[in-house]
Amino acid sequence: MEEDYYMSSDDECRYSDEECVDGYATQAEPDFELVTKKGTTTKVITKESLLAAQKEDLHRVMELLSVKERHARTLLIYHRWDVDTLFTVYVEKGKTLLFAEAGVSVENHCESGSAVPSSIMCEICIEDVPSDKATRMDCGHIFCNNCWTEHFIVKINEGLSKRIRCMAHKCNAICDEDVIRTLVRQKQPYIAEKFERFLLESYIEDNKRAKWCPSTPHCGNAIRVEDGQLCEVECSCGFQFCFSCLSEAHSPCSCLMWELWAKKCQDESETVNWITVNTKPCPKCHKPVEKNGGCNLVSCICGQSFCWLCGGPTGREHTWTSITGHSCGRFKDQEDKTERAKRDLYRYVHYHNRYKAHMDSFQLESKLKVSIAEKVAISEKRHTVLVDYGWVNAGLFRLFLSRRVLSYSYPFAFYMFGEELFKDEMTEEERVIKQNLFEDQQQQLEANVEKLSKILEEPFDEFSVNKLMEIRIRVVNLCNSIDKLCQGMYDCVENELLGSLAMSVHYIAPYKSSGIERAAKLSFCQSNEANNTGGTADLDRPSGSGSSDERGSSSHKRARKEDLRGDHIDLNLPADP
(Lines give C-alpha, C1' and ligand atoms only; values in the text may rest on other atoms or scores of the structure.)
Protein backbone atom coordinates (compact mmCIF):
# COMPACT_ATOMS: atom_id res chain seq x y z
CA MET A 1 0.00 0.00 0.00
CA GLU A 2 1.43 3.32 -1.07
CA GLU A 3 1.51 6.14 1.51
CA ASP A 4 1.68 9.88 0.86
CA TYR A 5 4.18 11.66 3.08
CA TYR A 6 3.91 15.43 3.20
CA MET A 7 7.25 17.14 2.87
CA SER A 8 8.22 20.79 2.95
CA SER A 9 10.91 20.32 0.29
CA ASP A 10 11.48 18.28 -2.83
CA ASP A 11 14.26 16.14 -1.38
CA GLU A 12 11.88 13.50 -0.06
CA CYS A 13 13.70 10.43 1.08
CA ARG A 14 12.26 6.91 1.16
CA TYR A 15 13.75 3.89 2.81
CA SER A 16 13.46 0.40 1.41
CA ASP A 17 13.37 -2.75 3.46
CA GLU A 18 17.04 -3.39 2.76
CA GLU A 19 18.18 0.04 3.91
CA CYS A 20 19.48 0.48 7.44
CA VAL A 21 17.05 1.85 9.97
CA ASP A 22 19.12 1.15 13.03
CA GLY A 23 20.00 4.83 13.20
CA TYR A 24 16.49 5.61 14.32
CA ALA A 25 16.58 2.93 16.95
CA THR A 26 19.79 4.28 18.44
CA GLN A 27 18.40 7.79 18.61
CA ALA A 28 15.53 6.73 20.85
CA GLU A 29 16.10 6.14 24.53
CA PRO A 30 15.14 2.75 25.94
CA ASP A 31 12.39 4.34 28.06
CA PHE A 32 11.16 6.55 25.22
CA GLU A 33 12.35 9.75 26.88
CA LEU A 34 12.78 12.88 24.77
CA VAL A 35 16.42 13.36 25.64
CA THR A 36 19.87 12.79 24.23
CA LYS A 37 23.12 12.00 25.97
CA LYS A 38 25.64 12.31 23.15
CA GLY A 39 27.68 15.48 23.05
CA THR A 40 25.91 16.96 26.06
CA THR A 41 26.69 20.59 26.84
CA THR A 42 24.74 20.78 30.10
CA LYS A 43 25.75 19.48 33.50
CA VAL A 44 23.83 18.52 36.62
CA ILE A 45 25.28 20.00 39.79
CA THR A 46 24.26 17.97 42.81
CA LYS A 47 24.82 18.82 46.45
CA GLU A 48 27.95 16.67 46.36
CA SER A 49 29.46 18.34 43.31
CA LEU A 50 28.44 21.95 44.03
CA LEU A 51 31.47 22.72 46.17
CA ALA A 52 33.80 21.02 43.68
CA ALA A 53 32.35 23.05 40.80
CA GLN A 54 32.85 26.23 42.77
CA LYS A 55 36.40 25.27 43.72
CA GLU A 56 37.27 24.64 40.08
CA ASP A 57 36.48 28.23 39.07
CA LEU A 58 38.08 29.61 42.23
CA HIS A 59 41.36 27.84 41.52
CA ARG A 60 41.46 29.13 37.95
CA VAL A 61 41.25 32.71 39.20
CA MET A 62 43.65 32.08 42.07
CA GLU A 63 46.29 30.70 39.73
CA LEU A 64 45.98 33.46 37.15
CA LEU A 65 45.87 36.45 39.52
CA SER A 66 47.87 34.96 42.41
CA VAL A 67 45.25 35.86 44.99
CA LYS A 68 43.72 34.13 47.98
CA GLU A 69 40.52 32.13 47.74
CA ARG A 70 38.40 34.79 49.46
CA HIS A 71 39.57 37.42 47.01
CA ALA A 72 38.91 35.12 44.06
CA ARG A 73 35.38 34.49 45.37
CA THR A 74 34.71 38.22 45.69
CA LEU A 75 35.86 38.79 42.11
CA LEU A 76 33.77 35.93 40.75
CA ILE A 77 30.62 36.96 42.60
CA TYR A 78 30.99 40.48 41.24
CA HIS A 79 31.33 39.08 37.70
CA ARG A 80 28.51 36.52 38.25
CA TRP A 81 30.93 33.59 38.22
CA ASP A 82 31.84 34.24 34.60
CA VAL A 83 35.55 33.43 34.49
CA ASP A 84 35.90 34.46 30.85
CA THR A 85 34.43 37.91 31.52
CA LEU A 86 36.69 38.33 34.54
CA PHE A 87 39.77 37.49 32.47
CA THR A 88 38.64 39.88 29.73
CA VAL A 89 38.33 42.74 32.21
CA TYR A 90 41.75 41.84 33.61
CA VAL A 91 43.35 42.07 30.16
CA GLU A 92 41.54 45.27 29.14
CA LYS A 93 41.64 47.26 32.39
CA GLY A 94 44.45 45.74 34.40
CA LYS A 95 44.65 44.19 37.83
CA THR A 96 44.30 47.39 39.84
CA LEU A 97 41.06 48.53 38.26
CA LEU A 98 39.71 44.97 38.28
CA PHE A 99 40.20 44.78 42.04
CA ALA A 100 38.87 48.28 42.68
CA GLU A 101 35.60 47.64 40.83
CA ALA A 102 34.96 44.42 42.73
CA GLY A 103 35.91 45.86 46.12
CA VAL A 104 39.01 43.73 46.62
CA SER A 105 41.89 45.18 48.63
CA VAL A 106 45.15 43.25 48.89
CA GLU A 107 47.35 45.98 50.33
CA ASN A 108 49.29 45.32 53.53
CA HIS A 109 48.40 48.02 56.03
CA CYS A 110 50.44 46.59 58.88
CA GLU A 111 53.77 48.41 59.13
CA SER A 112 56.63 46.05 59.88
CA GLY A 113 58.44 46.75 63.15
CA SER A 114 55.83 49.21 64.37
CA ALA A 115 54.54 48.77 67.91
CA VAL A 116 50.98 47.60 68.27
CA PRO A 117 49.00 49.88 70.61
CA SER A 118 47.46 48.23 73.64
CA SER A 119 44.05 49.73 72.85
CA ILE A 120 42.27 51.53 70.05
CA MET A 121 39.21 53.75 69.85
CA CYS A 122 36.40 52.31 67.78
CA GLU A 123 34.96 55.04 65.55
CA ILE A 124 31.57 53.34 65.49
CA CYS A 125 30.78 52.98 69.21
CA ILE A 126 33.34 55.66 70.29
CA GLU A 127 34.80 53.41 72.96
CA ASP A 128 38.35 52.35 73.76
CA VAL A 129 38.79 48.61 73.36
CA PRO A 130 41.86 46.36 73.72
CA SER A 131 43.70 45.69 70.49
CA ASP A 132 42.91 42.00 70.68
CA LYS A 133 39.21 42.89 70.72
CA ALA A 134 39.44 44.81 67.45
CA THR A 135 39.90 43.67 63.84
CA ARG A 136 41.55 45.38 60.89
CA MET A 137 40.25 44.60 57.40
CA ASP A 138 42.29 44.44 54.19
CA CYS A 139 41.30 48.02 53.41
CA GLY A 140 43.03 49.22 56.62
CA HIS A 141 39.94 50.20 58.63
CA ILE A 142 39.82 48.87 62.17
CA PHE A 143 36.80 48.65 64.48
CA CYS A 144 35.90 46.68 67.59
CA ASN A 145 34.72 43.11 67.19
CA ASN A 146 31.30 43.84 68.66
CA CYS A 147 30.56 46.49 66.03
CA TRP A 148 31.87 44.26 63.27
CA THR A 149 29.73 41.36 64.47
CA GLU A 150 26.53 43.39 64.64
CA HIS A 151 27.26 44.81 61.19
CA PHE A 152 27.77 41.34 59.74
CA ILE A 153 24.61 39.91 61.33
CA VAL A 154 22.47 42.76 60.01
CA LYS A 155 23.84 42.37 56.47
CA ILE A 156 23.42 38.59 56.48
CA ASN A 157 19.80 38.92 57.60
CA GLU A 158 19.25 41.51 54.87
CA GLY A 159 20.44 39.01 52.26
CA LEU A 160 23.70 40.84 51.49
CA SER A 161 25.97 38.19 52.94
CA LYS A 162 27.84 37.59 49.67
CA ARG A 163 29.15 41.16 49.43
CA ILE A 164 29.39 42.73 52.90
CA ARG A 165 31.17 46.07 52.64
CA CYS A 166 33.37 47.77 55.19
CA MET A 167 31.63 49.99 57.76
CA ALA A 168 33.89 52.96 57.06
CA HIS A 169 32.33 55.91 55.26
CA LYS A 170 32.65 55.68 51.45
CA CYS A 171 34.71 52.49 51.67
CA ASN A 172 33.70 49.96 49.03
CA ALA A 173 36.04 47.19 50.14
CA ILE A 174 34.48 43.77 50.70
CA CYS A 175 35.08 42.32 54.16
CA ASP A 176 37.14 39.20 54.72
CA GLU A 177 34.81 36.18 54.73
CA ASP A 178 37.06 34.36 57.22
CA VAL A 179 36.70 37.22 59.69
CA ILE A 180 32.93 37.27 59.15
CA ARG A 181 32.71 33.55 59.72
CA THR A 182 34.77 33.66 62.92
CA LEU A 183 33.11 36.65 64.59
CA VAL A 184 29.52 35.71 63.75
CA ARG A 185 29.96 32.08 64.84
CA GLN A 186 31.04 33.22 68.31
CA LYS A 187 27.78 35.11 68.86
CA GLN A 188 25.16 33.43 66.64
CA PRO A 189 26.26 30.09 65.15
CA TYR A 190 22.99 29.79 63.22
CA ILE A 191 23.68 33.04 61.34
CA ALA A 192 27.20 31.80 60.59
CA GLU A 193 25.76 28.62 59.07
CA LYS A 194 23.39 30.76 57.01
CA PHE A 195 26.37 32.81 55.81
CA GLU A 196 28.23 29.63 54.84
CA ARG A 197 25.25 28.39 52.86
CA PHE A 198 24.78 31.67 51.00
CA LEU A 199 28.44 31.68 49.99
CA LEU A 200 28.14 28.15 48.68
CA GLU A 201 24.88 28.77 46.86
CA SER A 202 26.21 31.95 45.29
CA TYR A 203 27.69 29.71 42.61
CA ILE A 204 24.12 29.07 41.45
CA GLU A 205 22.40 32.27 42.58
CA ASP A 206 24.85 34.66 40.90
CA ASN A 207 25.94 32.47 38.00
CA LYS A 208 24.27 33.30 34.68
CA ARG A 209 25.22 29.86 33.35
CA ALA A 210 23.64 27.93 36.23
CA LYS A 211 20.10 27.74 37.61
CA TRP A 212 18.21 25.62 40.10
CA CYS A 213 16.02 22.91 38.66
CA PRO A 214 12.42 24.25 38.98
CA SER A 215 10.92 20.84 39.73
CA THR A 216 8.29 20.54 42.46
CA PRO A 217 9.10 19.18 44.98
CA HIS A 218 12.60 20.49 44.46
CA CYS A 219 15.15 17.80 43.66
CA GLY A 220 18.11 19.78 45.06
CA ASN A 221 19.95 19.84 41.71
CA ALA A 222 21.14 22.73 39.62
CA ILE A 223 21.85 22.82 35.86
CA ARG A 224 24.89 24.48 34.31
CA VAL A 225 24.99 25.15 30.57
CA GLU A 226 28.17 25.49 28.57
CA ASP A 227 26.98 26.92 25.25
CA GLY A 228 24.55 29.78 25.81
CA GLN A 229 21.37 30.08 27.82
CA LEU A 230 18.81 29.58 25.03
CA CYS A 231 18.14 25.88 25.37
CA GLU A 232 15.83 23.27 26.82
CA VAL A 233 17.27 20.71 29.21
CA GLU A 234 16.26 17.75 31.32
CA CYS A 235 17.48 17.42 34.88
CA SER A 236 18.58 14.06 36.24
CA CYS A 237 15.30 14.02 38.20
CA GLY A 238 13.44 13.81 34.87
CA PHE A 239 11.98 17.33 34.80
CA GLN A 240 12.25 19.09 31.42
CA PHE A 241 12.32 22.87 31.33
CA CYS A 242 13.37 25.96 29.42
CA PHE A 243 16.68 27.20 30.82
CA SER A 244 15.89 30.79 29.90
CA CYS A 245 12.56 31.25 31.74
CA LEU A 246 12.48 28.10 33.96
CA SER A 247 9.04 27.18 32.62
CA GLU A 248 8.25 23.83 31.07
CA ALA A 249 9.90 23.19 27.69
CA HIS A 250 7.77 25.16 25.22
CA SER A 251 9.56 25.61 21.89
CA PRO A 252 8.74 26.66 19.17
CA CYS A 253 6.85 29.11 21.40
CA SER A 254 9.05 31.94 22.74
CA CYS A 255 9.36 32.55 26.48
CA LEU A 256 7.24 35.70 26.41
CA MET A 257 4.57 34.04 24.30
CA TRP A 258 4.41 31.06 26.63
CA GLU A 259 4.21 33.30 29.69
CA LEU A 260 1.27 35.19 28.19
CA TRP A 261 -0.41 31.97 27.04
CA ALA A 262 -0.09 30.26 30.43
CA LYS A 263 -1.52 33.31 32.15
CA LYS A 264 -4.34 33.53 29.64
CA CYS A 265 -5.28 29.90 30.20
CA GLN A 266 -5.22 30.22 33.98
CA ASP A 267 -6.80 33.57 34.78
CA GLU A 268 -10.40 34.66 34.30
CA SER A 269 -9.87 36.70 31.15
CA GLU A 270 -11.96 34.34 29.03
CA THR A 271 -14.77 34.39 31.59
CA VAL A 272 -14.81 38.14 31.15
CA ASN A 273 -14.99 37.62 27.40
CA TRP A 274 -18.00 35.32 27.80
CA ILE A 275 -19.77 37.88 29.98
CA THR A 276 -19.04 40.56 27.38
CA VAL A 277 -20.45 38.42 24.57
CA ASN A 278 -23.55 37.08 26.32
CA THR A 279 -24.57 39.88 28.68
CA LYS A 280 -25.15 43.64 28.66
CA PRO A 281 -24.41 46.03 31.55
CA CYS A 282 -27.35 47.72 33.21
CA PRO A 283 -27.14 51.49 32.54
CA LYS A 284 -28.12 52.18 36.15
CA CYS A 285 -26.35 49.67 38.44
CA HIS A 286 -23.87 48.41 35.79
CA LYS A 287 -24.39 44.75 36.71
CA PRO A 288 -24.30 42.24 33.82
CA VAL A 289 -27.73 41.22 32.60
CA GLU A 290 -28.40 38.09 30.52
CA LYS A 291 -31.35 38.06 28.16
CA ASN A 292 -33.78 35.14 28.69
CA GLY A 293 -36.46 35.99 26.15
CA GLY A 294 -36.99 37.25 22.62
CA CYS A 295 -38.10 40.78 23.49
CA ASN A 296 -35.38 43.41 23.14
CA LEU A 297 -36.76 45.40 26.10
CA VAL A 298 -35.10 43.90 29.16
CA SER A 299 -35.27 44.81 32.83
CA CYS A 300 -32.54 44.57 35.44
CA ILE A 301 -33.20 43.35 38.98
CA CYS A 302 -32.74 46.95 40.10
CA GLY A 303 -35.85 47.86 38.11
CA GLN A 304 -34.15 49.74 35.28
CA SER A 305 -35.36 48.97 31.75
CA PHE A 306 -33.01 49.29 28.79
CA CYS A 307 -32.71 48.37 25.13
CA TRP A 308 -30.86 45.10 24.47
CA LEU A 309 -29.72 46.31 21.05
CA CYS A 310 -27.82 49.39 22.15
CA GLY A 311 -27.86 49.23 25.95
CA GLY A 312 -29.57 52.61 26.34
CA PRO A 313 -32.08 53.24 29.17
CA THR A 314 -35.74 53.31 28.10
CA GLY A 315 -39.27 53.45 29.44
CA ARG A 316 -41.16 50.28 30.25
CA GLU A 317 -43.92 50.69 27.65
CA HIS A 318 -43.38 49.38 24.11
CA THR A 319 -45.14 48.08 21.01
CA TRP A 320 -44.20 45.56 18.35
CA THR A 321 -42.26 48.20 16.42
CA SER A 322 -40.84 50.61 18.97
CA ILE A 323 -40.00 51.24 22.59
CA THR A 324 -41.43 54.33 24.28
CA GLY A 325 -39.04 57.27 24.08
CA HIS A 326 -36.30 55.33 22.33
CA SER A 327 -35.07 54.48 18.84
CA CYS A 328 -31.70 52.91 17.96
CA GLY A 329 -32.37 51.69 14.43
CA ARG A 330 -30.15 54.30 12.78
CA PHE A 331 -26.74 52.99 11.71
CA LYS A 332 -23.67 54.42 13.42
CA ASP A 333 -20.27 53.94 11.80
CA GLN A 334 -18.41 52.38 14.75
CA GLU A 335 -17.10 48.94 15.55
CA ASP A 336 -19.37 46.80 17.66
CA LYS A 337 -17.43 45.94 20.82
CA THR A 338 -19.58 42.89 21.41
CA GLU A 339 -18.77 41.44 18.00
CA ARG A 340 -15.09 42.13 18.51
CA ALA A 341 -15.10 40.38 21.88
CA LYS A 342 -16.97 37.46 20.34
CA ARG A 343 -14.43 37.20 17.52
CA ASP A 344 -11.50 37.30 19.97
CA LEU A 345 -13.13 34.59 22.07
CA TYR A 346 -13.70 32.32 19.06
CA ARG A 347 -10.10 32.83 17.98
CA TYR A 348 -8.78 31.90 21.42
CA VAL A 349 -11.02 28.82 21.60
CA HIS A 350 -9.80 27.70 18.17
CA TYR A 351 -6.12 27.70 19.19
CA HIS A 352 -6.72 26.47 22.72
CA ASN A 353 -8.78 23.48 21.60
CA ARG A 354 -6.06 22.33 19.23
CA TYR A 355 -3.31 22.94 21.76
CA LYS A 356 -5.18 20.93 24.38
CA ALA A 357 -6.09 18.18 21.90
CA HIS A 358 -2.44 17.51 21.10
CA MET A 359 -1.48 17.68 24.78
CA ASP A 360 -4.20 15.14 25.58
CA SER A 361 -2.97 12.95 22.73
CA PHE A 362 0.55 13.18 24.12
CA GLN A 363 -0.65 11.97 27.51
CA LEU A 364 -2.63 9.10 26.00
CA GLU A 365 0.17 8.07 23.66
CA SER A 366 2.57 7.96 26.60
CA LYS A 367 0.80 4.76 27.60
CA LEU A 368 1.70 3.18 24.27
CA LYS A 369 5.17 2.17 25.45
CA VAL A 370 3.65 -0.44 27.75
CA SER A 371 1.30 -1.91 25.15
CA ILE A 372 3.97 -1.82 22.45
CA ALA A 373 6.41 -3.70 24.68
CA GLU A 374 3.76 -6.36 25.16
CA LYS A 375 3.11 -6.53 21.40
CA VAL A 376 6.82 -6.92 20.68
CA ALA A 377 7.10 -9.75 23.21
CA ILE A 378 4.11 -11.56 21.71
CA SER A 379 5.37 -11.06 18.15
CA GLU A 380 8.82 -12.42 19.00
CA LYS A 381 7.23 -15.59 20.36
CA ARG A 382 5.04 -16.04 17.27
CA HIS A 383 7.78 -15.71 14.67
CA THR A 384 10.70 -18.04 14.30
CA VAL A 385 12.50 -15.53 12.07
CA LEU A 386 14.55 -12.93 13.91
CA VAL A 387 12.90 -9.53 13.41
CA ASP A 388 14.42 -6.19 14.36
CA TYR A 389 11.93 -4.09 16.37
CA GLY A 390 14.12 -1.03 16.76
CA TRP A 391 11.88 0.84 14.35
CA VAL A 392 9.04 0.60 16.89
CA ASN A 393 11.03 2.46 19.55
CA ALA A 394 12.22 4.96 16.96
CA GLY A 395 8.68 5.61 15.80
CA LEU A 396 7.38 6.06 19.33
CA PHE A 397 10.22 8.45 20.17
CA ARG A 398 9.52 10.52 17.04
CA LEU A 399 5.81 10.55 17.82
CA PHE A 400 6.36 11.94 21.33
CA LEU A 401 8.79 14.60 20.14
CA SER A 402 6.68 15.81 17.22
CA ARG A 403 3.45 15.77 19.23
CA ARG A 404 5.02 18.13 21.74
CA VAL A 405 6.21 20.43 18.94
CA LEU A 406 2.73 20.48 17.44
CA SER A 407 1.01 21.34 20.70
CA TYR A 408 3.24 24.36 21.40
CA SER A 409 3.01 25.58 17.83
CA TYR A 410 -0.58 26.70 18.47
CA PRO A 411 0.21 29.19 21.27
CA PHE A 412 2.96 30.51 19.00
CA ALA A 413 0.52 31.00 16.11
CA PHE A 414 -2.04 32.64 18.42
CA TYR A 415 0.37 35.47 19.30
CA MET A 416 2.40 35.55 16.10
CA PHE A 417 -0.61 36.30 13.91
CA GLY A 418 -2.70 38.15 16.47
CA GLU A 419 -2.70 41.79 17.49
CA GLU A 420 -1.35 41.45 21.03
CA LEU A 421 2.39 41.53 20.23
CA PHE A 422 3.09 42.29 16.58
CA LYS A 423 0.30 44.60 15.49
CA ASP A 424 2.73 47.30 14.30
CA GLU A 425 5.44 44.92 13.08
CA MET A 426 3.63 43.59 9.99
CA THR A 427 1.16 44.86 7.46
CA GLU A 428 -2.06 42.91 7.01
CA GLU A 429 -0.82 41.54 3.70
CA GLU A 430 2.45 40.35 5.25
CA ARG A 431 0.54 38.81 8.13
CA VAL A 432 -1.67 36.77 5.80
CA ILE A 433 1.29 35.53 3.75
CA LYS A 434 3.27 34.48 6.81
CA GLN A 435 0.27 32.86 8.43
CA ASN A 436 -0.43 30.79 5.33
CA LEU A 437 3.22 29.74 5.17
CA PHE A 438 3.26 28.62 8.79
CA GLU A 439 -0.12 26.90 8.72
CA ASP A 440 0.84 24.94 5.60
CA GLN A 441 3.85 23.52 7.42
CA GLN A 442 1.79 22.94 10.54
CA GLN A 443 -0.82 21.05 8.52
CA GLN A 444 1.77 18.84 6.83
CA LEU A 445 3.36 17.98 10.17
CA GLU A 446 -0.01 17.28 11.75
CA ALA A 447 -1.04 14.91 8.96
CA ASN A 448 2.16 12.87 9.23
CA VAL A 449 2.01 12.72 13.02
CA GLU A 450 -1.53 11.38 12.95
CA LYS A 451 -0.51 8.74 10.41
CA LEU A 452 2.38 7.64 12.59
CA SER A 453 0.14 7.49 15.65
CA LYS A 454 -2.38 5.33 13.82
CA ILE A 455 0.28 2.88 12.60
CA LEU A 456 1.84 2.45 16.04
CA GLU A 457 -1.55 1.62 17.53
CA GLU A 458 -2.14 -1.22 15.07
CA PRO A 459 -2.02 -4.81 16.43
CA PHE A 460 1.25 -5.66 14.68
CA ASP A 461 1.74 -8.62 17.03
CA GLU A 462 -0.88 -10.39 14.90
CA PHE A 463 0.78 -9.59 11.55
CA SER A 464 2.96 -11.81 9.43
CA VAL A 465 6.64 -11.15 8.89
CA ASN A 466 6.01 -9.62 5.46
CA LYS A 467 3.37 -7.32 6.91
CA LEU A 468 5.78 -6.30 9.67
CA MET A 469 8.41 -5.40 7.09
CA GLU A 470 5.88 -3.27 5.24
CA ILE A 471 4.92 -1.41 8.42
CA ARG A 472 8.58 -1.01 9.25
CA ILE A 473 9.23 0.84 5.99
CA ARG A 474 6.22 3.08 6.51
CA VAL A 475 7.27 3.98 10.06
CA VAL A 476 10.84 4.77 9.02
CA ASN A 477 9.67 6.95 6.12
CA LEU A 478 7.25 8.78 8.39
CA CYS A 479 9.95 9.35 11.01
CA ASN A 480 12.22 10.82 8.37
CA SER A 481 9.46 13.05 7.00
CA ILE A 482 8.35 14.24 10.46
CA ASP A 483 11.91 15.05 11.51
CA LYS A 484 12.44 17.21 8.41
CA LEU A 485 9.08 18.91 8.85
CA CYS A 486 9.87 19.78 12.48
CA GLN A 487 13.23 21.20 11.45
CA GLY A 488 11.55 23.15 8.67
CA MET A 489 8.99 24.60 11.06
CA TYR A 490 11.72 25.77 13.45
CA ASP A 491 13.67 27.30 10.57
CA CYS A 492 10.53 29.07 9.41
CA VAL A 493 9.87 30.45 12.89
CA GLU A 494 13.44 31.62 13.43
CA ASN A 495 14.16 33.04 9.96
CA GLU A 496 10.90 33.88 8.20
CA LEU A 497 8.71 34.90 11.14
CA LEU A 498 10.59 36.06 14.25
CA GLY A 499 13.83 36.81 12.41
CA SER A 500 12.16 39.27 10.02
CA LEU A 501 10.76 41.48 12.80
CA ALA A 502 12.65 44.72 13.37
CA MET A 503 11.90 45.03 17.09
CA SER A 504 11.73 41.35 17.92
CA VAL A 505 12.83 40.20 21.36
CA HIS A 506 11.48 36.70 20.87
CA TYR A 507 13.86 33.78 20.59
CA ILE A 508 13.30 30.04 20.69
CA ALA A 509 15.43 27.08 21.67
CA PRO A 510 16.87 25.34 18.58
CA TYR A 511 15.30 22.13 17.34
CA LYS A 512 17.23 18.95 18.11
CA SER A 513 16.37 15.84 16.18
CA SER A 514 17.49 13.67 19.09
CA GLY A 515 15.20 15.46 21.53
CA ILE A 516 15.61 17.57 24.64
CA GLU A 517 19.12 17.32 26.01
CA ARG A 518 19.58 15.45 29.26
CA ALA A 519 22.12 17.10 31.51
CA ALA A 520 25.05 14.86 32.39
CA LYS A 521 26.38 14.53 35.89
CA LEU A 522 29.22 16.92 36.59
CA SER A 523 32.46 14.98 36.98
CA PHE A 524 35.12 16.38 39.25
CA CYS A 525 38.40 15.43 40.88
CA GLN A 526 39.14 16.40 44.45
CA SER A 527 42.62 17.61 45.13
CA ASN A 528 44.18 17.68 48.56
CA GLU A 529 44.11 21.43 48.49
CA ALA A 530 40.39 21.41 47.87
CA ASN A 531 39.83 18.89 50.64
CA ASN A 532 41.61 21.10 53.13
CA THR A 533 39.05 23.82 52.75
CA GLY A 534 36.19 22.02 51.05
CA GLY A 535 33.05 20.40 52.35
CA THR A 536 29.47 19.55 51.68
CA ALA A 537 26.22 21.06 52.68
CA ASP A 538 22.70 19.76 52.75
CA LEU A 539 21.38 21.33 49.58
CA ASP A 540 18.21 19.33 49.08
CA ARG A 541 16.62 22.76 48.78
CA PRO A 542 18.19 26.12 48.04
CA SER A 543 17.92 28.42 51.02
CA GLY A 544 16.47 31.45 49.27
CA SER A 545 17.74 34.67 50.75
CA GLY A 546 14.97 36.45 48.88
CA SER A 547 17.02 39.49 47.98
CA SER A 548 19.73 40.73 45.67
CA ASP A 549 23.16 42.20 46.17
CA GLU A 550 24.37 45.70 45.35
CA ARG A 551 24.90 44.88 41.66
CA GLY A 552 21.35 43.64 41.28
CA SER A 553 22.10 39.92 41.16
CA SER A 554 18.66 38.42 40.95
CA SER A 555 17.49 35.85 43.46
CA HIS A 556 14.53 34.79 41.30
CA LYS A 557 16.52 31.72 40.31
CA ARG A 558 15.80 30.04 43.64
CA ALA A 559 13.31 27.27 43.22
CA ARG A 560 11.79 27.66 46.67
CA LYS A 561 12.40 29.26 50.03
CA GLU A 562 12.62 27.70 53.46
CA ASP A 563 13.67 28.43 56.98
CA LEU A 564 17.19 27.24 57.68
CA ARG A 565 16.77 26.97 61.43
CA GLY A 566 17.92 23.61 62.65
CA ASP A 567 19.82 22.68 59.44
CA HIS A 568 23.40 21.61 60.11
CA ILE A 569 26.00 22.76 57.59
CA ASP A 570 29.59 21.73 58.12
CA LEU A 571 31.88 22.96 55.39
CA ASN A 572 34.96 21.61 57.17
CA LEU A 573 34.10 18.09 56.05
CA PRO A 574 35.67 16.90 52.79
CA ALA A 575 33.36 16.62 49.80
CA ASP A 576 32.05 13.17 48.99
CA PRO A 577 33.88 11.55 46.07
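The values are calculated or read from the model by the stated rules, or taken from the named source; none is laboratory data. Everything quoted here is computed from the prediction, not taken from an experiment. Neighbour counts run over all protein chains shown; Cβ positions are idealised from the backbone, glycine included. Surface areas here come from the heavy atoms of the whole protein model, side chains and all, with no ligands, DNA or RNA. Shrake-Rupley method; radii C 1.70, N 1.55, O 1.52, S 1.80 Å.
Summary of computed values
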item: Residue-normalised accessible area of the stretch 407-528, given per residue in Å² at a 1.4 Å probe; result: 44 Å²
item: For the stretch 49-102: accessible area per residue (Å², 1.4 Å); result: 42 Å²
item: Full-extension gain in nm, Glu457 to Ile433, via 0.36 nm per residue minus C-alpha separation; result: 5.0 nm
item: Rounded to the nearest 10 Å², the accessible area of Cys295 at probe 1.4 Å; result: 60 Å²
item: Virtual spin-label span in nm between Asp178 and Lys208, 7 Å along Cα→Cβ; result: 3.2 nm
item: Accessible-area ranking of Ile223, Ile174, largest first, probe 1.4 Å; result: Ile174, Ile223
item: Gain upon complete extension [Tyr346, Glu101; 0.36 nm per residue less C-alpha separation]; result: 82.6 nm
item: Burial order of peptide ranges 151-158, 375-382, 125-132 (average beta-carbon count within 10 Å, highest first); result: 151-158, 375-382, 125-132
item: Inter-label distance, nm, simple model (7 Å from Cα along the C-beta direction), Tyr190/Cys310; result: 7.0 nm
item: Percent carbon-and-sulfur accessible area, the stretch 255-516, ignoring ligands, DNA and RNA, probe 1.4 Å; result: 52 percent
item: Burial order of peptide ranges 235-241, 54-60 (average beta-carbon count within 10 Å, highest first); result: 54-60, 235-241
item: Ordering of 361-370, 140-149 by packing [mean C-beta count within 10 Å, highest first]; result: 140-149, 361-370
item: Stretchable slack from Ala168 to Thr88, in nm (0.36 nm times residue separation minus alpha-carbon distance); result: 25.7 nm
item: Area of Thr182 that stays accessible when all protein chains are in place (1.4 Å probe, Å², to 10); result: 70 Å²
item: Spin-label zone in the stretch 223-252 - amide nitrogen under 20 Å from a point set 7 Å from the Cα of Ala520 along the C-beta vector; result: 223-241, 243
item: Sequence of Lys467, Lys454, Lys162 when ordered by accessible area, the most exposed leading, probe 1.4 angstrom; result: Lys454, Lys467, Lys162
item: Accessible carbon and sulfur surface of the stretch 49-102 relative to its total accessible area, %, 1.4 Å; result: 50 percent
item: Whole-number accessible area per residue in Å² for the stretch 119-208, which is evaluated in the context of all protein chains at 1.4 Å; result: 43 Å²
